[in-house]
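These notes are about the structure you will find just below.
The values are calculated or read from the model by the stated rules, or taken from the named source; none is laboratory data. Model, not experiment: these values are computed from the prediction. As a convention, Cβ positions derive from the backbone with ideal geometry for all residues, glycine included, and neighbour counts pool all protein chains shown. Surface accessibility is based on the protein's heavy atoms, side chains included, excluding ligands, DNA and RNA. Shrake-Rupley method; radii C 1.70, N 1.55, O 1.52, S 1.80 Å.
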Amino acid sequence: MKSLSLLVLPIVALLASTLCCKAAPKDFNGATPLQWSVRMADSEISRLGDKLAWREGRSVKWDYTAGLFTLSLLKLNEKVPTPDYVDFSKDAIGSFISENGSIQGYKPEEHNIDNVAPGKTVIALYELTKEERYQKAAALLRKQLDTHPRTSQGGFWHKQRYPWQMWLDGLFMGAPFYTEYTVDFKGPAADLDDVVKQFRLIDEHLYDAKSGLYWHGWDEKREQDWADKTTGLSANFWGRAAGWWAMAQVDVLDFLPKDHPGRAEIISLVRKTSDGIVKHQDPASGLWWQVLDKGGKEGNYLEATASAMFVYSMAKAVNHGYLTRDYIPAIIKGYNGIIDQLIKKDADGKISLTRCCSVAGLGSGRDGSYAYYLREPIVDNDLKGVGPLILAGIELQKLLDLPMSATHEIKASMEAKPSLAKEWAQMPEILARIKPPVIPSREFSIMNFGAAADGKTDSSAAITKAIEAASTAGGGRIIVPAGEYVTGPIHLKSNIELHLEGGSTLKFKTDPNAYQPAVRTFFEGMECYNHSPLIYAFEAENISVTGEGTLDGQAEEGNWWSTKGSKDSEGKPAKTQNAARKRLAEMVADGTPVEERRFGVNDYLRPSFIEPFKCRNVLIEGVRIVRSPMWEVHPVLSTNVTVRGVRISSHGPNNDGCDPEASKDVLIEDCVFDTGDDCIAIKSGRNNDGRRIGIPTENVIVRRCTMKDGHGGVTIGSEISGGARNVFVEDCVMDSPDLDRAIRFKSNAVRGGVVENIFVRNVKVGTVRDAALQIDFSYEEGANGPHKPVVRNVIIENMTVDNAKRVLDVNGFPGSEISGIRIYNSTFKGITKNDTVIEGDVKLETCVVERKK
């Protein structure tokens, strides 16, 4: 301890002396810390809506991240009284709690310390409302600790399925609630001693004197793959783990009595932990690295959640006198770094916290290596960062002696203008029909059927057995725990939910033989028998794919992607789909029965990733999709489909993000698309197949989505021969120099199809490579065909574009129909190229077009 203090104190003193030479800041990028907290809270509430709340049939869980965010809202409400913050928290947490105090989805027998953490919000809601159900729920959570398994010295295991392990994270999850409950509800004094012991054990086993940091985890038995066989320690200093540890200390001190003998011990840990934090602060940015002691090493990055946690914990420690004011410069530098480098203002006026590590842990294939921490997903607005940032702003406001006042500017700026298209009145009726599937609550972990989380062993049979067992029982949830699993195609049945827990990855095989025998499917809008999609369901009802895990198709040049017609991994001409694709197109043209359209391994027609075929009541929610062979989410001939909160990053050929085809009542919301083709492409069959089936895609709502790379943000076509109608797009953000167009229609005289009643409003576009709106009837065959393509009654309102080459790229031909295309109250900037309008009735009204000088 002495040697570390001698190293750190000169750094702190130097920073302090620097601050003394100039006045402490009163604002950060034009706003006080409390104002930034309000902006962050209002933005996230707007983004989330009621998504955290329990609803019958919805795949949500009792979750520590929701607990952290709602607790930050209630703390902010104390400084800036806001009924919306209380109402949001009541819904997000209170919706899980019944009158008798039971908690939906909570299973005490799992002995998961994470599940205790929302208890802090439960107690806060009890104090606000005095509703007995909250007190009963808090008692239920407290009861878990009575039987929670422990190490030989009495330290809580992180989870039942992580035996003999203590992680830094676990102290935040359990200790503050344990302390507050004991004090508020007159628990035995021995419980407070037990709390202090948890901190003592972490310090004893996980502290590294050389670095001044704490290792992520410790395995008392030295049995885990990630644990050193001599020390039992994990291999790296993960930023957010240290953040949890730091917050646990200052939050426990809120409740630990001042006369408790362990209080001085925890205050000493606050200083010891903070010294290590300051020592590893990046001097240029003021932020902290994902792997704390490897700043600047290849692949490492400055990470938001840990940075927010450190600023919050140290600012709070100074405010309460646990740290001296010598730490203020490091705190201010850290907060400045967050606001300057990690906060971005979205096109819709909300703010986002960027560069958040989504999830990380130990075990089940997560080896704790440097490379492991870098390969976990990086996302925006992870609640594990949003909550601490809100709390940090409150503490900074106090630290800088600024008035506790702020305004709700974002909420005011987001008030929607009335729409000119009366058809928007239809949207509530459509939404009322779109309901999540109701899945029985029975759970079937794939681990119980022989799956291995090592990223090598084939778990296909185990997953199939779990689905069969759930189906035989009448349905249930197939649980994929944290870890990496290799699998072939997964075929869902009615009343089945495939749920990927945080930290889990399903890695799909790339051997085409694994996807035989062929199943009935669509390839580029043409019906046939071909490779099974990676996740497939046929004529099923009530199916879901949910969770925080990753679906990895492992596609790349050298396997699936090469068959599009490029070269293989050695640069040689690849075996391609071209001959089979041509043969299928001829079969469609000739009216060959679908049963005779059979394709196999040597035909190289790539499968979609997720394809519900002729299904009803479908939910795809929360998962991350990477490296898809072809189209990612492809509902075909399906009804009542919700795609919510899905994050797609896949840049292969034909890597469309979400392609509802010949489907009805479809909701796509709160998704992020970063794709190699169209972000969203609405389809209804190609050429004669679309006309043969004759089912338009209709009643589609796209809202609050983010479109990054892609050929089009929202596209209709080109496989649109069955038509499309009643499509509503609102409140989306589209922004990338590699996004070609914002709104796109494509067809030709071979496709034909009638596309009508398309309504777009409140779309914010940063940069697109070419046009804000494209209607392209010159696509592929162009005018060379007998079928009239139609696009009519398209109304776009309140679109803002910061940078585009042109507003319009409209290419019709004599005999086609492009009519009633109107753009109202919109602004287009950075324009460098004249519009193209050929054979089209397209008008801009009350719009501003600013050409680039």
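Using protein chains only and a probe of 1.4 angstrom, how many square angstrom of Y207 are accessible, to the nearest 10?
Near enough 40 Å² of accessible area.
Over 31 Å between Cα atoms: which of K51/K79; K350/K507; K435/K843 fall into that group?
Cα-Cα > 31 Å for K350/K507; K435/K843; rest within.
As a test of the definition: which semi-axes, in Å, follow for region 630-683 when you take the square root of five times each eigenvalue of its alpha carbon gyration tensor? Largest first, please.
Output for region 630-683: semi-axes of 18, 13, 7 Å.
Using a 1.4 Å probe on the protein chains only, how many percent of the accessible area of region 400-516 belongs to carbon and sulfur?
The C+S portion of the solvent-accessible surface of region 400-516 is 54 percent.
For R58, R597, what's the largest-to-smallest order of accessible area, 1.4 Å probe? Intermediate values should be presented prior to the final figure.
Numbers: R58 40, R597 5 Å².
Result of the area sort, largest leading: R58, R597.
Provide the net charge surrounding S211, with neighbours chosen by a C-beta distance below 13 Å and charges set as Lys +1, Arg +1, Asp -1, Glu -1. Numbers along the way, then the final one.
Working: positive: K210, K272, K279, K294; negative: D208, D275, D293.
With Lys, Arg at +1 and Asp, Glu at -1, the neighbours total +1.
Could you check how much of the accessible area of region 745-838 is carbon and sulfur, as a whole percent, using a 1.4 Å probe?
44 percent
Might you tell me the accessible area per residue for region 638-737, computed with a 1.4 Å probe and given in Å²?
20 Å²
Just for the Cα atoms in region 237-301, what are the lengths along the principal axes, largest first, rounded to whole Å?
Here the Cα extents, ordered largest to smallest, are 48, 17, 16 Å.
Can you give me the pair-distance distribution of region 268-390, C-alpha pairs, 10 Å bins, whole percents?
Spelled out bin by bin, region 268-390 gives 13, 42, 34, 11, 1 percent.
If each DSSP helix of 4+ residues adds -39,500 (n - 2.57) and the sum is divided by the residues in the chain, what number results at 222 nm, nearest 500 deg cm²/dmol? Walk me through the intermediate numbers first.
Working: 19 runs with 245 residues, N = 853.
That comes out to -9000 deg cm²/dmol.
On a 1.4 Å probe surface of the protein chains, which of T324, T273 comes out largest in accessible area, and what is the full order? Mind dumping the intermediate values first?
On the way: T324 80, T273 5 Å².
Putting T324, T273 in descending order of accessible area: T324, T273.
On a 0 to 90° scale, report how tilted helix 328-337 is relative to the longest principal axis of the chain, with both axes built from alpha carbons and the result rounded to the nearest 10.
Orientation of helix 328-337: about 0 degrees from the principal axis.
To the nearest 10 Å², what's D254's accessible area with a 1.4 Å probe?
60 Å²
Could you please report the charge total around Y126, scoring K, R as +1 and D, E as -1 over all other residues with beta-carbon less than 10 angstrom from its beta-carbon?
Net charge around Y126: -1.
Just how many % of Cα pairs in region 69-225 lie over 24 Å apart, if you round to the nearest whole percent?
So the portion of pairs separated by more than 24 Å is 39 percent.
Going by a ≥ b ≥ c, the root eigenvalues of the Cα gyration tensor, does region 510-568 fall in the rounded group (a/c under 1.5), the prolate group (a/b larger than b/c) or the oblate group?
Numbers: a/c = 2.21, a/b = 1.29, b/c = 1.71.
Since a/c reaches 1.5 but b/c is at least a/b, the shape of region 510-568 is classed as oblate.
Taking the Cα atoms of region 378-493, report the difference between the largest and smallest coordinate on each principal axis, in whole Å and largest first.
Dimensions of region 378-493 along the principal axes of its Cα atoms: 60, 49, 24 Å.
Protein chains only, probe 1.4 Å: how do E719, E839, E298 rank by accessible area, largest first?
Working: E719 15, E839 105, E298 165 Å².
Final ranking, largest accessible area leading: E298, E839, E719.
I need to check one value: relative contact order of the chain, counting alpha carbon pairs closer than 8 Å and at least 6 residues apart, in percent.
7 percent
Please state, rounded to one decimal and in Å, the Kirkwood hydrodynamic radius that region 496-643 gives when every pair of distinct Cα atoms enters the mean of 1/r.
The answer is 16.0 Å.
Take the alpha carbon gyration tensor of region 767-815, find the square roots of its eigenvalues, order them as a ≥ b ≥ c, and report rounded if a/c is under 1.5; if not, report prolate when a/b exceeds b/c, else oblate.
oblate
With angles folded into 0 to 90 degrees, how steeply does helix 33-48 sit against the dominant principal axis of the chain? Use alpha carbons for both and round to 10.
40 degrees
Treating cross-link reach as a plain straight distance, find the lysines whose alpha-carbon is under 19 Å from the alpha-carbon of K344, omitting any fewer than eight places away in the same chain.
The reachable lysines, counting only those whose Cα sits under 19 Å from K344, are K333, K384, K411, K708, K764.
How much accessible area does E595 have with a 1.4 Å probe, in Å² rounded to the nearest 10?
The accessible area comes out at roughly 90 Å².
Computed over the Cα atoms of region 172-300, what is the ratio Rg over Rh, Rh following Kirkwood? Walk me through the numbers before you get to the answer.
Details: Rg = 16.1 Å, Rh = 15.8 Å.
My calculation of the ratio gives 1.02.
Would you kindly compute the Cα radius of gyration of region 136-214 and its largest Cα-Cα separation (Dmax), both in Å?
13.2, 46
What's the center-to-center distance, using Cα atoms, between region 786-853 and region 212-284 in Å?
Value for the Cα centre distance between the two parts: 58 Å.
Report Rg/Rh for region 701-853, rounded to two decimals, where Rg is the Cα radius of gyration and Rh the Kirkwood radius.
0.95
Given the chain reduced to its alpha-carbon atoms as identical point scatterers, what log10 I(q)/I(0) does the Debye formula return at q = 0.06, 0.09, 0.10, 0.11 Å⁻¹?
The Debye formula, applied to the Cα set alone, gives -0.41, -0.92, -1.12, -1.31.
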